1. Can you name every one of the strands (runs of 3 or more DSSP E) wholly within region 120-183 that holds 1 or more residues which are assigned by TED's automatic domain parsing to the domain that holds Leu204, of a type in the set (A, V, I, L, M, F, W, C) and within 14 Å of Leu218 (Cα to Cα)?
2. Restricting region 231-240 to residues that are at pLDDT 95 or above and either in a helix (DSSP H, G or I) or under 14 Å from the mean Cα position of the chain (by Cα) (or both), which is farthest from Ala109 (Cα to Cα)?
3. Taking region 208-229 on its own, how many of its residues are part of a helix (DSSP H, G or I) and at pLDDT 95 or above?
4. List every residue pair whose Cβ atoms lie under 8 Å apart, where the two residues are 6 or more positions apart in sequence or sit on different chains, the first residue falls within region 214-230 and is under 19 Å from Val7 (Cβ atoms), and the second residue, located anywhere, is of a type in the set (Val, Ile, Thr) and surrounded by fewer than 20 Cβ atoms within 10 Å (Cβ to Cβ).
5. Does Gly123 count as touching a residue at least 60 places away in the same chain (Cβ under 8 Å), surrounded by fewer than 16 Cβ atoms within 10 Å (Cβ to Cβ) and over 19 Å from Leu225 (Cβ atoms)?
6. How many residues are over 20 Å from Pro69 (Cβ atoms) and either touching a Gly at 6+ places or on another chain (Cβ under 6 Å) or not assigned by TED's automatic domain parsing to the domain that holds Ile62 (or both) when one looks only at region 4-38?
Amino acid sequence: MLLAIDVGNTNIVFGLFQQDALAHHWRMASRLDATADELGVFLTSAARRAGVTLPRDLEGVIIGSVAPPLTAALVRMSRAWLGLEPRIMHVSLLADMPVRVKEPERVGADRLLNAYAARAAFGAPVIALDFGTATKFDVVGPEGDFLGGAIAPGFRTASDALVSKTALLPRIDLAAPPAAIGDDTITAMQSGIVLGYVSLVEGLLKRIQAALAPYKPLVVATGGLADAILPHTHAIDRHDPHLTLHGLRLVFAQNVRDVEKFCNQSI
């Protein structure tokens, strides 16, 4: 089994793969002060409840992270609790997907992983659209290269900012209202945030797709907040809630194959 760990600003997602299939996954809140032991207790307890014994069933660990303090804690956890040295996602591991941006090393690991997994699943060109703390549009061009994309605040992030900066606006459920014209404060906020983000998504996708013309890229959505948007737009073609984990699996497999190829050539 392979343990893939996706570290975001809001959540850490642990995924256990049996070959190409995601057998189990668990989610915990991202706490920058979490210790290796806390992470180890959470992971091994969750695995035990699923009938999996760690580290006996593990062959490798790969981490993709946008939170460096948690990366360090997870590395210590992997060494101490699993007896394995983890691979850390880095742009240099994408030998077969050129990253054509000004500063490749500054692109978030999650963006690269989503683009890599979307290309593997759906071909190129493709747009990976991640609804999380930020809303990220990541573009793979017709030649299979990562071209960059767009980043907007996530709609929960925007909602929290709106509430924190105003005296009278309440926290709301991020659900679409019955109509675009809200007849009270809550439905007016839901219209502006949820339906407003649908319009943001559709507008940016239209501009990105125009830049790729005459090609027509498929759009695949992922991220914890995707379910709140998907029912309200026809601009998204596919939904894979575990796209980032699959990206980690693919990167690990590709680099293991590359190492094996090198070793075989060296004998």
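1. On the way: elements: 126-131, 134-140, 146-153.
Once the strands (runs of 3 or more DSSP E) in region 120-183 are filtered for at least 1 residues that are assigned by TED's automatic domain parsing to the domain that holds Leu204, of a type in the set (A, V, I, L, M, F, W, C) and within 14 Å of Leu218 (Cα to Cα), what remains is 126-131, 134-140.
2. His239
3. Start the filter on region 208-229 by keeping residues that are part of a helix (DSSP H, G or I), which leaves 208-212, 226-229.
Filter once more, keeping what is at pLDDT 95 or above: 208-212.
Qualifying residue count for the region: 5.
4. Going by the 8 Å Cβ cut-off, the qualifying pairs are Gly224/Thr10.
5. Numbers: touching a residue at least 60 places away in the same chain (Cβ under 8 Å): yes; surrounded by fewer than 16 Cβ atoms within 10 Å (Cβ to Cβ): yes; over 19 Å from Leu225 (Cβ atoms): yes.
In short, yes.
6. Selection size over region 4-38: 2.
Each row is one residue, and each column tells you yes or no for (1) of a type in the set (Ser, Thr, Tyr); (2) within 25 Å of Thr133 (Cβ to Cβ); (3) in contact with a Pro (Cβ under 9 Å, 6 or more places away or on another chain).
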position	(1), (2), (3)
Leu3	no, yes, yes
Val13	no, yes, no
Trp26	no, yes, no
Leu32	no, yes, yes
Ala47	no, no, no
Ala50	no, no, no
Pro55	no, no, no
Val61	no, yes, yes
Leu70	no, yes, no
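The values are calculated or read from the model by the stated rules, or taken from the named source; none is laboratory data. Quick caveat: nothing in here was measured; it's all calculated off a predicted structure. No Cβ is skipped: glycine too gets one built from the backbone with ideal geometry, and neighbour counts run over all protein chains shown.
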